[in-house]
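The values are calculated or read from the model by the stated rules, or taken from the named source; none is laboratory data. Just so you know, these numbers come straight off a predicted model, no measurement behind them. Counting neighbours? That spans all protein chains shown, and the Cβs are built from the backbone with ideal geometry, glycine included.
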Amino acid sequence: MSAYLLDTSAVVAHYRKEVGHARVQALFDDDDAVLWIAAPSLLELEACLCDIGVEEAVRRKTVNDYVGELVHVVTVDERVARRAMEIRDAAVGRLPAVDALIAACAAVCGAVLVHRDAHFDSIPQEVLPSLKLSAQDDDIATSVVGSNRVKEAGATYKTVRARRKGSTGSSRPQ
């Protein structure tokens, strides 16, 4: 079983069907993948949807749908904050504080950080494994036959995750 934490940029790519969306969909379709989202990403996602003109009711429903389907929300506590400090110290370039918190959420739950943001590249792979989404990932994901094949119809993450979901709400890594 593999664990992945989706950065806000990965969720937005999926929602808007931008570069990287097929790879994110493949993760939703993978029965062996455990998917996480960091609590700060909820605000970032809602703000991004607001910035692109999505009305409030649709923004809130979209955030709720992703959270309900992702199942696991990593909260920010002292442990995450301290890990974020360590990650910022290890970064070889600028890493905004909120993104350090998101990276730390991935680290504390042992997940690979899935993103499209260049500043996450400043975190050494030995400090935090990450997967930067690209158009090449979409080509690979759409060529896979079987359960990871990207569906063409609507928001397919809902049906796949609803089938697998055992519980809803927040979870804290142990």
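Summary of values
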quantity	calculated
Failed condition for residue 59, given (1) within 20 Å of residue 130 (Cβ to Cβ); (2) at pLDDT 95 or above; (3) of a type in the set (Lys, Arg)	(1)
Close pairs (9 angstrom Cβ cut-off, 6 or more residues apart or separate chains): under 20 Å from residue 31 (Cβ atoms) in the stretch 60-79, buried (at least 20 other Cβ atoms within 10 Å of the Cβ) and at pLDDT below 90 anywhere	65/157; 66/157; 69/157; 70/157
Some residue of the stretch 99-122 being of a type in the set (A, V, I, L, M, F, W, C), at pLDDT 95 or above, farther than 24 Å from residue 1 by Cβ and in contact with a Leu (Cβ under 9 Å, 6 or more places away or on another chain)	no
Selection within the stretch 1-22 - buried (at least 21 other Cβ atoms within 10 Å of the Cβ), out of contact with any helix residue (DSSP H, G or I) (no Cβ under 6 Å at 6 or more places or on another chain) and part of a strand (DSSP E or B)	6
Every residue from the stretch 44-65 that is surrounded by 12 or more Cβ atoms within 10 Å (Cβ to Cβ), over 15 Å from residue 6 (Cβ atoms) and in contact with a Leu (Cβ under 8 Å, 6 or more places away or on another chain)	59
Filter result for the condition that a residue is farther than 14 Å from residue 10 by Cβ and of a type outside the set (A, V, I, L, M), over 65, 99	65
Hey, residue 96 at pLDDT 95 or above, of a type outside the set (A, V, I, L, M, F, W, C), loosely packed, with under 13 Cβ neighbours inside 10 Å and under 23 Å from residue 76 (Cβ atoms) or not	yes
Residue in the stretch 100-108 that is closer than 24 Å to residue 133 by Cα, more than 18 Å from the chain's Cα centre (by Cα) and surrounded by 13 or more Cβ atoms within 10 Å (Cβ to Cβ) present	no
Subset of the stretch 31-71 (residues that are touching a Phe, Trp or Tyr at 6+ places or on another chain (Cβ under 6 Å) and more than 23 Å from residue 125 (Cα to Cα))	69
Every residue from the stretch 23-43 that is touching a residue at least 40 places away in the same chain (Cβ under 8 Å), in a helix (DSSP H, G or I) and surrounded by fewer than 19 Cβ atoms within 10 Å (Cβ to Cβ)	39
Filter result for residue 76 (surrounded by 15 or more Cβ atoms within 10 Å (Cβ to Cβ), in contact with a helix residue (DSSP H, G or I) (Cβ under 6 Å, 6 or more places away or on another chain), modelled with pLDDT of 95 or more and part of a loop (DSSP other than H, G, I, E, B))	yes
Test: residue 84 is assigned to a helix (DSSP H, G or I) and surrounded by 22 or more Cβ atoms within 10 Å (Cβ to Cβ)	yes
